[in-house]
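What follows is a set of notes on a single structure, which appears directly below.
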Amino acid sequence: MIAENIQNIEENLKKTCLRAGRDPGEVKLIVVSKTFGAEKIGEAFEAGVVDFGENYVQELIEKRKVLLETNIQWHFIGHLQTNKVKYISEWIHLIHSVDSKGLAEEIQKRAEKNNRLIDVLVEVNTSEEATKFGIKPEKAIELLKVFSGLSHVNLKGLMTIGPFTDHKDESRVSFKLLRSIYDEANSSGILRHPLTILSMGMTHDYEIAIEEGSTMVRIGTAIFGSRTKLIN
């Protein structure tokens with residue numbers, strides 16, 4: 001079932017890209033595996049998935065131990081506390097959720113200690129919902145400037161979580177805003193190198209996100225089913 005779901009998502013990603021006049025190769029699938037155990041992640045891996053996203057540090061560490069022999073690339077997509085960076089800094093592939101100068105500087109400190117260059121995205125709260133993390137849109141460019149002075153942190157792009165709504169127009173506004181910040185940053189001259197990643201779109205809104213320029217979608221429910229608790 002998991003392999004079939006992945007195949008269906010990948011086919012729909014291609015169709016959505018082609019409909020939007022985009023190259024399907026421009027969009028990477030991140031399978032969101034929070035609350036699902038190592039066995040189910042293993043099934044998805046056997047089906048050809050390499051990139052997995054997790055929201056909680058302890059859960060991620062435990063799953064990585066079980067799946068250590070695989071070549072899985074782990075993405076941290078949840079809210080990351082500065083005191084938890086040290087636990088993932090030696091091996092994390094991409095941190096999607098940097099939303100403060102303090103967190104960026106802590107990643108720099110840990111990356112330098114481990115002699116690594118850690119790839120990150122800045123999370124922007126484009127829906128401006130109080131329950132969500134992320135830098136405010138009007139402060140995003142100011143935060144991006146910080147990265148020019150961080151030698152061991154590689155700013156790759158931006159991330160947002162769209163509103164949980166059935167109204168497509170609201171989702172589209174959120175994604176258009178992130179794209180506009182992305183374009184502004186790339187034309188501003190403040191970056192060491194251009195941004196290349198727009199991580200936006202989940203199970204309920206990834207088609208809209210792709211239409212608005214997403215290069216990375218984070219999909220879990222459409223692959224694993226609804227979440228309740230940790231499921232093996």
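The values are calculated or read from the model by the stated rules, or taken from the named source; none is laboratory data. Note that the structure is a prediction, hence the values are computed from the model and not measured. Backbone-built Cβ (ideal geometry, glycine too); neighbour counts: all protein chains shown.
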* Asked: In the range 183-210, what count of residues is obtained for those that are charged (D, E, K, R), assigned to a helix (DSSP H, G or I) and crowded, with 19+ Cβ neighbours inside 10 Å?
  -> 1
* Complete set of residues in the range 135-151 that are at pLDDT below 95 and of a type in the set (Lys, Arg) -> none
* Output for the range 128-146, where each listed residue is in contact (Cβ under 8 Å) with a residue 40 or more places away in the chain, out of contact with any His (no Cβ under 9 Å at 6 or more places or on another chain) and surrounded by fewer than 21 Cβ atoms within 10 Å (Cβ to Cβ) -> Pro137, Ile141, Leu143, Lys145, Val146
* Cross-chain or 6+ apart pairs with Cβ under 9 Å, the range 22-47 first and without any contact (Cβ under 8 Å) to a residue 60 or more places away in the chain and farther than 16 Å from Leu198 by Cα, then of a type outside the set (A, V, I, L, M, F, W, C) and in a helix (DSSP H, G or I) -> Ile41/Lys63; Ala47/Glu4; Ala47/Asn5; Ala47/Gln7
* Got a sec? Which strands (runs of 3 or more DSSP E) wholly within the range 21-78 have at least 1 residues that are surrounded by 15 or more Cβ atoms within 10 Å (Cβ to Cβ) and of a type in the set (D, E, K, R)? -> 28-32, 51-54
* To do: Go through (1) over 17 Å from the mean Cα position of the chain (by Cα); (2) assigned to a helix (DSSP H, G or I); (3) not β-branched (Val, Ile, Thr) and name the single condition Leu13 misses.
  => (1)
* To do: Return yes when Asn115 is outside any helix (DSSP H, G or I), out of contact with any helix residue (DSSP H, G or I) (no Cβ under 8 Å at 6 or more places or on another chain) and at positive phi and no when it is not.
  => yes
* Would you mind stating whether Ile107 is under 12 Å from Glu54 (Cα atoms), buried (at least 16 other Cβ atoms within 10 Å of the Cβ) and β-branched (Val, Ile, Thr)? => no
* What are the residues in the range 160-206 that are without any contact (Cβ under 8 Å) to a residue 12 or more places away in the chain, of a type in the set (Ser, Thr, Tyr) and out of contact with any helix residue (DSSP H, G or I) (no Cβ under 7 Å at 6 or more places or on another chain), if any? -> Ser180, Ser187
* Is it true that Glu105 is closer than 15 Å to Val153 by Cα and not in a loop (DSSP other than H, G, I, E, B)? -> yes
